[in-house]
Amino acid sequence: MIKFPLKRAATLLKRAWRIYVMPPKETRVYLDYKQLPVISTKLANARTALEPKQVTVDHARMLAYVSCMKGQKLQEFSFAQNNLILTNEWLFTEQCVECDFWNGLILLTTTNFKRGNDQKSHLWVFDPVTGTVVSKIDTQGEWSKVIVVDDEKRIAFVSNWHSNDISVIDLSDITHPKVIQKVSCAEAPRGMVIRPDGTLIATSFYGRGIFAIAKSGKDYQITRRSAQFDPTGYGGNMRDILFSPDKKTVCVSNLGRNMVHWYDAQTLELIESLSTPRQPNSMRFMKILTPTIGVSCRKDNLIFFFDEGTKKPIGVSAKTEKLPTGLTAVENGFIVTNFDNNSIELHRVRYR
């Protein structure tokens, strides 16, 4: 039986009350999607294992990979010929959380979402062509989630939601990866990007902001934190993060406040915000010349599109099934996972 310190138990109770009983008034402020044009058409959908979380693609082979949490599977779908067909699946011993296609391989985080000594979290390097595990490593964190890789240094960063830290993993030998450090950070780290100079910028889901981690001497450490968003009100929940094309700013989805924010990538100062439909989650740049970002809005069951340059809305997708969560761009459209309906969808988008 896991025992919580009194202060921790009070924090969890307060959060549960805020989420399920009395949400803050700020959560009721959002962009009404009905005033925007619908610019996508659903081409196909397919059933998945339970709780499809994230999706990543091998564009060359036109294959999508979906991490399914309660299903404990990594599934492979062909999206050739405007269709979605399950072509393979692999069962894991823990819940499959996030996945990323990297150098022809799949990087996958798994966890059993337990606490204390029973907790387990791993980073897998998986070859989808042969269907074999290249390597598996304990992240040494709790409830591991998002993965981002510094390709030049071959260093992977994994955000650990429950232990409030980030694992730094050496991938120079993918058959024997090594955890070289854990960096304590703001509460519930989530999305991450890497600046050209190697500095990591990450979001804090409960910390109301973002922070930077860089190497100083032999160790990585936090070098800067943003100010808290709306410190006297409800700050929301920072979720995903993307670089602008010129790398000068980062765009952050704030699920709790129904917004996306732009921060200066060096100073981490807040520059501007844009209202979105409800509960913006995963963000991706669409595969067109104009810098267009799509973001899955979970409570309104759609994808919201906005121009990253002008910072103005463009339109929304046709309605998805319930709780669109993972998102990836493909040629002329996107693939999205629907967490509550155990499905994925392929859409074609008409941007202009």
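The numbered conditions (1) more than 30 Å from residue 35 (Cβ to Cβ); (2) part of a strand (DSSP E or B); (3) free of Cβ contacts under 8 Å to residues at least 40 places away in the same chain are all true for residue 213 except (3). Only a single item in (1) β-branched (Val, Ile, Thr); (2) over 16 Å from the mean Cα position of the chain (by Cα); (3) over 19 Å from residue 224 (Cα atoms) is not met by residue 271, and it is number (3).
The single condition among (1) buried (at least 24 other Cβ atoms within 10 Å of the Cβ); (2) assigned to a strand (DSSP E or B); (3) out of contact with any Phe, Trp or Tyr (no Cβ under 8 Å at 6 or more places or on another chain) that residue 320 does not meet is (2).
If I go through region 164-193 residue by residue, how many of them are in a strand (DSSP E or B), among the aliphatic types (A, V, I, L, M) and either touching a Pro at 6+ places or on another chain (Cβ under 7 Å) or under 23 Å from residue 138 (Cβ atoms) (or both)? Talk me through it step by step, then tell me what you get.
As a first pass, look at region 164-193 and keep what is in a strand (DSSP E or B): 165-170, 178-184, 189-193.
Filter once more, keeping what is among the aliphatic types (A, V, I, L, M): 166, 168-169, 179-180, 183, 192-193.
Right, trim to either touching a Pro at 6+ places or on another chain (Cβ under 7 Å) or under 23 Å from residue 138 (Cβ atoms) (or both) and you get 166, 168-169, 179-180, 183, 192.
Qualifying residue count, region 164-193: 7.
Do we find that residue 150 is under 19 Å from residue 99 (Cα atoms), in contact (Cβ under 8 Å) with a residue 40 or more places away in the chain and among the acidic types (Asp, Glu) in this structure? Taking the combined requirement at face value, the residue satisfies it. Here residue 194 meets the list (1) farther than 30 Å from residue 269 by Cβ; (2) of a type in the set (Val, Ile, Thr); (3) in contact with a Phe, Trp or Tyr (Cβ under 9 Å, 6 or more places away or on another chain); (4) surrounded by 16 or more Cβ atoms within 10 Å (Cβ to Cβ) almost entirely, failing just condition (1).
Selection over region 157-198 of residues that are within 19 Å of residue 116 (Cα to Cα), in contact with a Lys or Arg (Cβ under 6 Å, 6 or more places away or on another chain) and hydroxyl-bearing (Ser, Thr, Tyr) gives a count of 2.
Out of the residues in region 216-239 meeting the condition of being part of a loop (DSSP other than H, G, I, E, B) and among the polar types (S, T, N, Q), tell me which one is surrounded by the most Cβ atoms within 10 Å (Cβ to Cβ).
Of the residues in region 216-239, the ones part of a loop (DSSP other than H, G, I, E, B) are 217-218, 226-237.
If we keep only those that are among the polar types (S, T, N, Q) as well, we get 226, 228, 232, 237.
Values: 226: 25, 228: 14, 232: 6, 237: 21.
Top of the filtered list is 226.
For region 40-90, how many residues are outside any strand (DSSP E or B) and surrounded by fewer than 19 Cβ atoms within 10 Å (Cβ to Cβ)?
Applying the first criterion (outside any strand (DSSP E or B)) to region 40-90 yields 48-51, 59-62, 69-72, 79-84.
Those still in the list that are surrounded by fewer than 19 Cβ atoms within 10 Å (Cβ to Cβ) too: 50, 59-62, 70, 80-83.
Number satisfying all stated conditions: 10.
Annotation note: of 332, 254, 281, 258, the sole residue that is in contact with a His (Cβ under 7 Å, 6 or more places away or on another chain) and in contact (Cβ under 8 Å) with a residue 24 or more places away in the chain is 254.
Kindly indicate which of 199, 175, 139 is farther than 24 Å from residue 284 by Cα and surrounded by fewer than 19 Cβ atoms within 10 Å (Cβ to Cβ). Spell out how you get there, then give the answer.
Numbers: 199 fails: farther than 24 Å from residue 284 by Cα; 139 fails: surrounded by fewer than 19 Cβ atoms within 10 Å (Cβ to Cβ).
Within the list 199, 175, 139, the selection yields 175.
Any read-out appearing in this document is the output of simple, stated calculations on the displayed coordinates, not a laboratory observation. Because the structure is a prediction, the values reported are computed rather than measured. Note that we place each Cβ from the backbone using ideal geometry, even for glycine, and neighbour counts take in every protein chain shown.
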